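**Student:** Shown below is the structure under consideration.
Bear in mind that the values in this text are calculations on the coordinates, not laboratory data. In this text the structure is predicted, and so the values were computed from the model without any measurement. Glycine gets a Cβ as well: all are built from the backbone with ideal geometry, and neighbour counts include every protein chain shown.
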Amino acid sequence: MKYISTRGGIQPIGFQDAVMMGLATDGGLLLPASIPNVADKMEEWRHLSYRQLAYQVMRPFIGTEIPAADLRDLIDRSYDAFEHPDVAPLIDLGDVHLLELFHGPTLAFKDIALQFLGNLFEYILARSGGRLNILGATSGDTGSAAIHGVRGKQNISIFILHPYKRISPQQERQMTTVLDDNVFNVAIVGSFDDGQRIVKGLFGDLPFKDRYHLGAVNSVNWARVLAQVVYYFWGAFRLQERTGAASIRVSVPTGNFGDIFAGYVAAQMGAPISKLLLATNENDILARFFQGGVYERGDVRKTLSPSMDIQVASNFERYLYYHLDGDSERLRFLMSCFTESGSMKVHRPGKHGVDPLIGTGVGTTADTIETIRRYYRSHEYVLDPHSAVGVHVARENLHPDEPTMCLATAHPAKFSQAVIEALGRNVATHPTLEALTGKGTRCAILQADEAEVKRFMVEKLIELDAREAAS
Ligand SMILES: *Cc1c(COP(=O)(O)O)cnc(C)c1O
C-alpha cells in the first residue's frame with residue numbers, strides 16, 4: 001500500500017516511511033492511496049480473536065513491507081500488555097452497550113494505538129539502523145500512554161513536558177514513576193501552552209531536530225488510526241452476536257477526531273456500522289460542523305472531560321479530504337481560509353446534516369454528571385466522564401433496530417474528581433493506580449524556557465549515547 005498526502009504535495013511513500021514521517025512534509029496528513037473493501041470477509045472475520053482480527057484488518061494497509069510473522073509478533077506483544085484476555089470486552093448496560101477500551105497499562109484507550117506504535121517504531125528502527133528521540137507536550141493522557149508505549153525500547157528515547165503541578169496527581173505519577181533509562185519527564189514551570197510552545201520551537205530548530213533525530217508521537221500518525229480501526233470491527237461483531245442486528249451504531253467521545261476517523265475508515269471498508277455518533281462536550285466545533293457545514297474555531301472551555309477539551313481537531317483534515325472526493329486543491333484553499341480567519345464554510349448541509357453516516361450530539365457538564373449517576377444507580381457501573389458524554393449522546397439517538405455501542409475511552413479511576421462530583425464519593429479505584437503510591441519517581445523541573453529544555457535534552461542524549469556505547 002502506498003500513502004499520499006491530503007494536500008497532494010508528496011510522492012507516494014510506503015507504510016514504514018509513512019509511520020516514520022508522521023505529519024506529511026507538505027503540511028498535510030498521510031492517507032492510504034485507497035481503502036480496501038472487505039465486506040465479503042465479515043463472516044470469516046467474526047470468528048477471529050482480537051489479535052487475529054487485528055492482523056487481518058492491518059494486513060492490506062501494510063502490504064508486503066512487513067513479513068506476516070513479524071506483524072503477528074508486533075500485534076501479539078502490543079496486546080499482551082492488556083490485562084483483559086479479549087483486549088476490549090463488550091459490557092451490557094441495558095439500553096446501550098459499552099466497549100471497554102481501557103484495559104491497557106495507562107487505563108485509557110490511547111494505549112491500544114500507542115502500545116502498537118511503540119513496538120512498530122522499535123521494529124522499523126532496528127531494520128533501518130535509525131534512532132528516534134520523541135518530544136512532546138502533554139496535558140495528561142497522551143503523555144503517559146506514549147511513555148508506556150516506548151519505555152525500555154531500543155534506539156528510542158522520549159521527552160514529555162507537562163505543566164508543573166497542573167495535572168492530576170494520578171496522571172503525574174503514571175508518568176514520573178516510569179524509571180526506564182530512555183524516559184525523561186520534564187515538569188515545566190508554566191502552563192500546558194508553554195510546554196507546547198517550547199516543543200513547537202524545538203521542532204522548528206531544524207539543525208537541532210535533524211542532529212538529534214527528533215520525532216513526535218503525533219495523534220496524526222497513521223499507525224495510530226490503523227490500530228483503532230480494529231476495535232470497530234471487533235465491537236460490531238460482538239454486538240451482533242448478542243443482538244442479531246444487521247448493523248449497529250457507534251457513539252464516540254470525540255476530541256481530536258482520531259478515534260471517530262478510525263470508525264469512518266472501518267465503515268468505508270465494509271464494517272456493519274450504519275451510524276457514527278460524534279459526541280463532544282461543550283467544546284463542540286465538530287458537532288457544529290456536521291450540523292451546519294461550517295468549521296469555526298471557538299475558545300477552549302474547561303470541562304470534566306479534559307481529553308476532549310479541544311477546538312481544532314488534528315485529524316479532521318483526513319475526513320475533509322474524503323468528503324471533498326480527494327480534491328487537494330480545494331482542501332488547501334479551505335485550510336488556508338481556516339488558518340487565516342478561524343472559519344471555513346465547507347458546504348450547505350442537506351436534511352441529514354453534512355454526512356448521513358455521522359450524527360452528532362453534545363453532552364454538557366450537567367449531562368455528564370447525570371449520566372454517571374444514572375448508570376451507577378441502574379447497573380452499579382461507574383462511567384468515566386469522557387465515556388459518559390458518549391453514552392449521553394447515544395441515549396438521545398437510540399434506534400429501534402440498530403443497537404448502539406458506546407466506546408468507553410478511560411477507566412473512571414483516572415478521573416476521580418468527576419466521579420466524586422457525580423456520586424459524592426470516590427467509588428472508582430484501580431489497582432494499577434493504587435500501586436503507584438509511594439513508588440520512586442524521576443522528573444526534572446525546568447523553567448518555561450526553550451533554551452533550558454534544549455540544554456537538558458542535549459545533556460541527557462549525550463549521557464544515553466555514552467551508556468549505550470558502553471553496554
Ligand atoms: C484522547 C481521548 C479522547 C478523544 O479521542 P480523539 O481521538 O482525540 O477524538 C476521549 N477520551 C479519552 C479518555 C481520551 O484520552
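**Student:** Restrict the search to segment 321-377; then list the trypsin sites (Lys or Arg not before Pro) that DSSP places in a loop and that have at most 16 other Cβ atoms within 10 Å of their Cβ. Present the calculation step by step, with values, prior to reporting the outcome.
**Tutor:** Values: sites: Arg330, Arg332, Lys345, Lys351, Arg373, Arg374, Arg377; in loops: Lys351.
Passing sites in segment 321-377 are Lys351.
**Student:** I would also like to ask the following. So between Arg127 and Arg442, what do we pick up on full extension, going 0.36 nm a residue minus the alpha carbon distance? Don't jump to the answer; show the numbers that get you there.
**Tutor:** Values: separation 315, 0.36 × 315 = 113.40 nm, distance 3.13 nm.
Residue separation times 0.36 nm, minus the Cα-Cα distance, leaves 110.3 nm.
**Student:** Most exposed first by the Cβ proxy, i.e. fewest other Cβ within 10 Å, how do Lys153, Lys454 rank? Kindly include the intermediate steps, with their values, before the conclusion.
**Tutor:** Values: Lys153 20, Lys454 16.
Taking fewest neighbouring Cβ atoms as first place, the list is Lys454, Lys153.
**Student:** Given 0.36 nm per residue, what is the gain on full extension from Glu241 to His84 after removing their alpha carbon distance, in nm? Working shown, then result.
**Tutor:** On the way: separation 157, 0.36 × 157 = 56.52 nm, distance 1.95 nm.
Net length gain for the segment: 54.6 nm.
**Student:** Using the Karplus curve 6.51 cos²θ - 1.76 cosθ + 1.60 with θ = phi - 60°, work out ³J(HN,Hα) for each residue of segment 55-63 in order, rounded to whole Hz, and write x for Gly and Pro.
**Tutor:** Values, residue by residue: 4, 5, 5, 6, 3, x, 7, 9, x Hz.
**Student:** Convert each backbone phi in segment 363-375 into a coupling constant with the Karplus relation 6.51 cos²θ - 1.76 cosθ + 1.60 (shift: θ = phi - 60°), then list the ³J(HN,Hα) values in order as whole Hz, x for Gly and Pro.
**Tutor:** After applying 6.51 cos²θ - 1.76 cosθ + 1.60, I find x, 7, 4, 4, 4, 4, 5, 4, 5, 4, 4, 4, 7 Hz.
**Student:** Using the Cβ atoms and a cut-off under 11 Å, what net charge is assigned to the surroundings of Ile198, where Lys and Arg are +1 and Asp and Glu are -1? Numbers along the way, then the final one.
**Tutor:** Working: positive: Arg197, Lys200, Lys454; negative: Asp193, Asp194, Asp205, Asp449, Glu450, Glu452.
With Lys, Arg at +1 and Asp, Glu at -1, the neighbours total -3.
**Student:** What ranking do Glu450, Glu380 get, fewest neighbouring Cβ atoms within 10 angstrom at the top?
**Tutor:** Glu380, Glu450
**Student:** Taking 56 Å as R0, compute the FRET efficiency from the Cβ-Cβ separation of Asn426 and Gln11 and round it to 0.05.
**Tutor:** Details: r = 54 Å, r/R0 = 0.96.
Approximately 0.55, to the nearest 0.05.
**Student:** Could you put Lys41, Lys414, Lys165 in order, starting from the residue whose Cβ has the fewest other Cβ atoms within 10 Å?
**Tutor:** Values: Lys41 16, Lys414 28, Lys165 10.
Placing the least packed residue first, the sequence is Lys165, Lys41, Lys414.
**Student:** Sticking with this one: Taking amide H atoms as placed 1.01 Å from N in the peptide plane, list the residues 5 or more away in sequence, or in a different chain, whose amide H sits under 5 Å from that of Ile10.
**Tutor:** So Ile10 has HN proximity to Ser5.
**Student:** A follow-up question, please. Can you find, among Gly136, Val38, Ala68, the residue sitting farthest towards the positive end of the charge dipole of the chain, where Lys and Arg contribute +1 and Asp and Glu -1 at Cβ?
**Tutor:** Farthest towards the positive end: Gly136.
**Student:** Divide by every residue of the chain the summed helix terms, -39500 (n - 2.57) for each DSSP H run of at least 4, and state the resulting mean residue ellipticity at 222 nm, rounded to the nearest 500 deg cm²/dmol.
**Tutor:** -14000 deg cm²/dmol, from helical runs alone.
**Student:** 5 Å is the cut-off here: which amide hydrogens, built 1.01 Å from N in the peptide plane, fall below it relative to Ser157, excluding neighbours closer than 5 in sequence?
**Tutor:** Hits under the 5 Å cutoff: Leu132, Asn133, Ile134.
**Student:** From the phi of every residue in segment 219-229, what ³J(HN,Hα) in whole Hz does the Karplus formula 6.51 cos²θ - 1.76 cosθ + 1.60 yield, where θ is phi - 60° and glycine or proline is x?
**Tutor:** 6, 9, 5, 4, 4, 5, 4, 4, 5, 7, 4
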